[in-house]
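Here the structure is laid out as structure tokens; the discussion comes afterwards.
No value in this document is a laboratory result; all are computed from the given coordinates. Every value quoted in this text rests on a predicted model; they were computed, and no experiment measured them. Positions of Cβ are backbone-derived with ideal geometry, glycine not excepted, and every protein chain shown enters the neighbour counts.
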Amino acid sequence: MKYQRETTALGGIARRSDLRHMGLDDQAVRIFTANGGLIRVRQAWYALPDTHAAAVRACEFGGRLACASALRFHGQLGEDDGVLHIEIPANSMARVPQSACGSVNVHWSRHPSAGNRAVVDAAAAWRQWERCGRAGR
């Protein structure tokens, strides 16, 4: 289906407005969500069922995978420190609950890094990782 193909191109995550541009009205979104074709991640944000779990979690917090988490997503970093690294625009508000503060590292960005809705690209992730690593993570 068109919405699956286009949402996959966005990284598996789409805003409600994206879905409307793909031809899905609100009723169709509700039907696909009820039948498992879409997962409601947060208000006005949806993911395909096979979207990477860490990317969905980053979207729940208002961002996308960044730094070490993005490098693991791209298969370029093997070690998992147990911390979810996410990029969030500097002019927005993170939705990270207090209980997750130690397990989420927010990278605030004045200018969005290259990539898609789910994850920054590998080059941007390496730059973030170098800055994050020098800061002692």
Notebook entry, point to check: Got a sec? How would 45, 108 order by Cβ neighbour count within 10 Å, fewest to most?
Noted result: 108, 45
Margin query: I need 88, 31 ordered by Cβ neighbour count within 10 Å, fewest first.
Written below: 31, 88
Check: Sorting 85, 111, 74 on the 10 Å Cβ count, fewest up front, what's the list?
Finding: 111, 74, 85
Note to self: If you take every residue apart from residue 64 with its C-beta less than 10 Å away from the C-beta of residue 64, what net charge results, scoring Lys and Arg +1 and Asp and Glu -1?
What the structure shows: 0
Next item on the list: Pairs of Cα atoms under 8 Å, at least six residues apart: use those to get the relative contact order of the chain, whole percent.
Entry: 23 percent
Note to self: Out of all DSSP beta bridges in the range 53-134, what portion is antiparallel? Express it as a percent rounded to 5.
What the structure shows: 30 percent
Notebook entry, point to check: Given H placed on each backbone N at 1.01 Å, which residues far from residue 109 in sequence or on other chains put an amide H within less than 5 Å of it?
Noted result: 88, 90
Item checked: q = 0.23 Å⁻¹: log10 I(q)/I(0) that the Debye formula gives for the range 53-134, counting C-alpha atoms only -> -1.08
Check: How big is the antiparallel share of DSSP beta bridges in the chain, given as a percent to the nearest 5?
Finding: 55 percent
Check: If you project the alpha carbons of the range 2-47 onto their three principal axes, what span does each projection cover, largest first, in Å?
Finding: 23, 19, 17
Next item on the list: Go ahead and set up a Gaussian network model of the chain, Cα springs under 10 Å, then flag whichever of 122, 70, 44 fluctuates most.
Entry: 44
Checklist line | Charge context of residue 16, other residues only, Cβ under 14 angstrom, K/R +1, D/E -1 | finding: +2
Notebook entry, point to check: How much FRET efficiency would the formula 1/(1 + (r/R0)^6) give for residue 92 and residue 131, where r is the Cβ-Cβ distance and R0 is 25 Å, rounded to 0.05?
Noted result: 0.80
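Grab the alpha carbons of the chain, take their convex hull, and tell me the volume per residue in Å³.
Per-residue hull volume (Cα only) is 116 Å³.
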